[in-house]
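Remarks on the structure that follows.
The values are calculated or read from the model by the stated rules, or taken from the named source; none is laboratory data. The model shown is predicted, which means the values in this text are computed figures rather than measured ones. Cβ coordinates were reconstructed from backbone atoms using ideal geometry, including for glycine residues, and neighbour counts include every protein chain displayed.
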Amino acid sequence: MVAARYFDGMSSTAHVVTLTLDGEWLQLRGELLAHEWPLQNVKVSERLGDTQRRITLPDGGHCEVSDHAALDALLKQGGYRSGWLDGMQHSMRWALISAVLIVLVFAAAYRYLLPWGAEVVAQTIPPAMLQKMGASSLQTLDRLMLEPSKLPLQRQQALRDAYAKLAPLPDAQLPYHIEFRSAPQIGANAFALPDGNIVMLDELVALTGDDNEILAVLAHERGHVEQRHALRMVLQSSAVGLAMTWYMGDVSSLLATVPAMMVQASYSRDMEREADDYAARTLVRNGLSPCLLPDVLRKLEVAHAKRQAEAVSDKQGSVMDYLASHPPTQERSAQLCPAH
Amino acid sequence: MQARQEHSFEFTGKGWEYFRIWIVNLLLSILTLGIYSAWAKVRRLQYFYRNTHLAGSSFEYHGTPIAILKGRIIAFVLMAAYTIAGQMNPLLAILIFVLLAAVMPWLIVRSLRFKLYNSSYRGLRFGFAGSDGAAYAVFLLFPILTVLTLYLLAPFTHFKIKQYQHNNSRFGDTFFRFDATAGNFYGIYLKALGLLVLAGVLFGITAAMHMPWLGLLLPLLYLYIVGFMAVRLPNLIWDKTGLGEHDLYSRMEVGKYLWIAFTNLLGIVFTLGLFIPFAQIRMARYKFSCMGLLAQGDLSEFVAGQVQADSATGEETAEMFDLDISL
């Protein structure tokens, strides 16, 4: 016998009733009330914690039951089977299993699905849009941290021509353009933008011993362009940002951007290796030593270590240093020219 | 006239209990690429409704996952169309934006109908009878005017939205009523603005007096303003809402609300989100403990509305959409 409260669905009056099972019939008895229905025509709501369960009746009314043990006994007697999720939702073990599985799914999606998805999407983005993205990011950089190059125009053109003379890899297909800028705040560096713009900084040109080293760096950046790394990074970090916003809900969209930045930093490690590989193949194809790139990398490392030491002593570490994302130089050197 | 009886809402949800339901449903939602989230949403609402008690009875949610899934697919398609069009052609994007703005009030009415029709208490369903015409004034015309008047009309628009929502809601065949005035809304908005001006003055003083550490107080003041709005507006709205001859009230306090919101935020951040179900339960418990009903006579005397009897068509259209637009 199960104690319940019956509502007829037509008024808000509650009737105190009892429910019993007679064979396959559910019987409802109360003051001035007597109903019975086949148990299979009655809908019992799923168990949700300790909340009262609801029995929806064929006459448009319903019963509310708080005595879980008694109702479970009655349902069991009637051969009623609860859903497969019912047990899972109420066990601590399944909660733990779920937590572990969620972490695994996120980790797998992050490691495999995200790079793959970004690559697929990157192929579909029209060149006109890339052009727009690249132009606006170069404008922003120009405004915030880049200065016009101090290299003579002839020298700039000579470097462009020297790079253009190199035979490209057979699979090269995306347009590129080399820009020269100066940025004392950043130090020696070069980077590739989504539209194929390669920005070479005066500080890096000054650091290199001969022009072949500059060509090696340009080939490395060309590798970033060919593999659409800049675009893929933008896509990946925005996908992570979106997922975090969805998961964290209304906590704060600001919090969601932090992991996105971390992804950017760690992702580019794989991309650097791909670009290194591209540069090495270009150099070998043109009869140049694949060790040119490691030579520059070592010089870069020394220069940046010096800058960092100065920055620390001046107490003005910059964000760029903090987000350093390149794989260790030694590891890269070993990959590029094992004999070195 | 009978003495009024005060019934407080009571929320009995428990953190660990809800955590177990939440995490299993989250896993299924992720594994099904979000499709199962419609089922998860129904469970969440059922858990929260059933744990909300008033005068010895609890609420019930009746929405079906399939209806919610349909609404979500429609919302997803609309948003995807807008995003993709924006990348192809800005003109097309503007066109779709105008189109979206034009259907939005209609969609909001459907989602309000769905939400209320699928809520019940003591076996009686709630309902929404707002007209589409009024919805276009409230959700399209006034917001446009608000922007054109540099937000001077914002409190008025907020007032109109709540008035439309509450005056058109019913329980059984008894309608809710909304007795607030636009002046009430302006009062709260102006106080918040005053606090904001105060923050600006304080900032000026700290800058002038070379006491940058005093600037640390600014985020606190800003936080207080956010809490002030989040507490005083719902308090006003529910205080001025009645059902038939009964009155509702809400008595949240800014300090307590902010403490719960802040500790919830810390908990969520430091557990990478695992605290979310606990946070939701804590907040619901506080909000409902501050709310109640001042009853005039017996609460058993509501009867089902006309729509209840022949609800089939209404239900069908209502179940088309659930966009979960919170207002």
Requested in this report: Would you mind telling me which numbered condition in (1) closer than 21 Å to B:Q280 by Cα; (2) surrounded by 12 or more Cβ atoms within 10 Å (Cβ to Cβ) B:G255 fails?
Outcome: (2)
**Report entry** Residue list for the range B:145-157, filter: within 21 Å of B:L100 (Cα to Cα) and either buried (at least 16 other Cβ atoms within 10 Å of the Cβ) or in contact (Cβ under 8 Å) with a residue 12 or more places away in the chain (or both)
**Finding:** B:L145, B:T146, B:T157
Query - Scan of the range A:68-78 for residues that are touching a residue at least 40 places away in the same chain (Cβ under 8 Å) and exposed (fewer than 13 other Cβ atoms within 10 Å of the Cβ), ordered by number - result: A:Q77
Query - Flag if B:L107 is surrounded by 19 or more Cβ atoms within 10 Å (Cβ to Cβ), assigned to a helix (DSSP H, G or I), more than 10 Å from chain A (Cβ to nearest Cβ) and of a type in the set (A, V, I, L, M) - result: yes
**Report entry** Residue ID - nearest to A:A107 (Cα to Cα), chosen from residues in the range A:224-274 that are modelled with pLDDT under 50, within 14 Å of chain B (Cβ to nearest Cβ) and in contact with a helix residue (DSSP H, G or I) (Cβ under 8 Å, 6 or more places away or on another chain)
**Finding:** A:P259
Report summary line: Residues of the range A:17-65 being outside any strand (DSSP E or B) and closer than 21 Å to A:M88 by Cα, in sequence order, are A:S45, A:E46, A:R47, A:L48, A:G49, A:D50, A:T51, A:Q52
Query - Selected residue [among the hydroxyl-bearing types (S, T, Y) and touching a residue at least 60 places away in the same chain (Cβ under 8 Å)] from B:T206, B:T241 - result: B:T241
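A quick yes/no check of all residues on (1) farther than 28 Å from A:L39 by Cβ; (2) in contact with a Lys or Arg (Cβ under 8 Å, 6 or more places away or on another chain):
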| position | (1), (2) |
| --- | --- |
| A:L71 | no, yes |
| A:L74 | no, no |
| A:G78 | no, no |
| A:S82 | no, yes |
| A:H90 | no, yes |
| A:V100 | yes, no |
| A:A109 | yes, no |
**Report entry** Residue selected from the range B:36-95 under the condition touching a residue at least 40 places away in the same chain (Cβ under 8 Å) and more than 30 Å from A:R47 (Cα to Cα), by the criterion nearest to the other protein chains (Cβ to nearest Cβ)
**Finding:** B:A75
Query raised in the report: Looking at B:E6, B:E17, which one is farther than 29 Å from A:V44 by Cβ and of a type in the set (D, E)?
Result: B:E6
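When only residues in the range B:275-302 that are closer than 19 Å to B:Y18 by Cα and of a type in the set (S, T, N, Q) count, which is surrounded by the fewest Cβ atoms within 10 Å (Cβ to Cβ)?
Residue satisfying both the conditions and the ranking: B:S289.
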Query raised in the report: Do we find a residue being modelled with pLDDT under 95, among the β-branched types (V, I, T), closer than 30 Å to A:F7 by Cα and touching a Lys or Arg at 6+ places or on another chain (Cβ under 8 Å) anywhere in the range B:28-44?
Result: no
Query raised in the report: Which pairs do you get when a residue that is within 14 Å of another protein chain (Cβ to nearest Cβ), found in the range B:285-300, comes within reach of a residue that is of a type in the set (D, E, K, R), reach meaning Cβ atoms under 7 angstrom, with the pair 6+ apart or on two chains?
Result: B:A295/B:R4
Query raised in the report: Residues A:L33, A:L21, A:L114, A:L39: which one is more than 8 Å from chain B (Cβ to nearest Cβ) and closer than 30 Å to A:R228 by Cα?
Result: A:L114
Query raised in the report: surrounded by fewer than 22 Cβ atoms within 10 Å (Cβ to Cβ), of a type in the set (A, V, I, L, M), farther than 22 Å from A:I125 by Cα and in contact (Cβ under 8 Å) with a residue 60 or more places away in the chain - does that describe any residue in the range B:134-144?
Result: no
Query - Residues located in the range A:57-67, provided they are more than 8 Å from every other protein chain (Cβ to nearest Cβ) and either crowded, with 17+ Cβ neighbours inside 10 Å or in contact with a helix residue (DSSP H, G or I) (Cβ under 6 Å, 6 or more places away or on another chain) (or both) - result: A:L57, A:P58, A:C63, A:V65
Report task. Could you tell me whether the range A:189-200 includes any residue that is under 15 Å from A:S149 (Cα atoms), of a type in the set (A, V, I, L, M, F, W, C), outside any strand (DSSP E or B) and at pLDDT 85 or above? Result -> no
Report summary line: From the option list A:A107, A:A95, single residue qualifying as within 14 Å of chain B (Cβ to nearest Cβ) and surrounded by fewer than 17 Cβ atoms within 10 Å (Cβ to Cβ) is A:A107
Requested in this report: Would you mention how many residues in the range A:84-96 are more than 14 Å from B:L274 (Cβ to Cβ) and of a type in the set (A, V, I, L, M)?
Outcome: 2
Report task. Please enumerate the residues belonging to the range A:181-196 that are surrounded by 19 or more Cβ atoms within 10 Å (Cβ to Cβ), farther than 14 Å from A:L207 by Cα and under 29 Å from the mean Cα position of the chain (by Cα). Result -> A:A192, A:L193, A:P194, A:D195, A:G196
Requested in this report: Among the residues of the range A:159-186, write down those that are in contact (Cβ under 8 Å) with a residue 40 or more places away in the chain, aliphatic (A, V, I, L, M) and part of a helix (DSSP H, G or I).
Outcome: A:L159, A:A162
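Among the listed residues A:A128, A:A164, A:A172, A:A158, which satisfies the condition of being modelled with pLDDT under 80 and either loosely packed, with under 12 Cβ neighbours inside 10 Å or closer than 26 Å to A:A206 by Cα (or both)? Walk me through how you get there before you give the answer.
Values: A:A164 fails: modelled with pLDDT under 80; A:A172 fails: either loosely packed, with under 12 Cβ neighbours inside 10 Å or closer than 26 Å to A:A206 by Cα (or both); A:A158 fails: modelled with pLDDT under 80.
Of the residues listed, the single one that is modelled with pLDDT under 80 and either loosely packed, with under 12 Cβ neighbours inside 10 Å or closer than 26 Å to A:A206 by Cα (or both) is A:A128.
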Query raised in the report: assigned to a helix (DSSP H, G or I), out of contact with any helix residue (DSSP H, G or I) (no Cβ under 9 Å at 6 or more places or on another chain) and closer than 29 Å to A:I198 by Cβ, is that true of A:A107?
Result: no
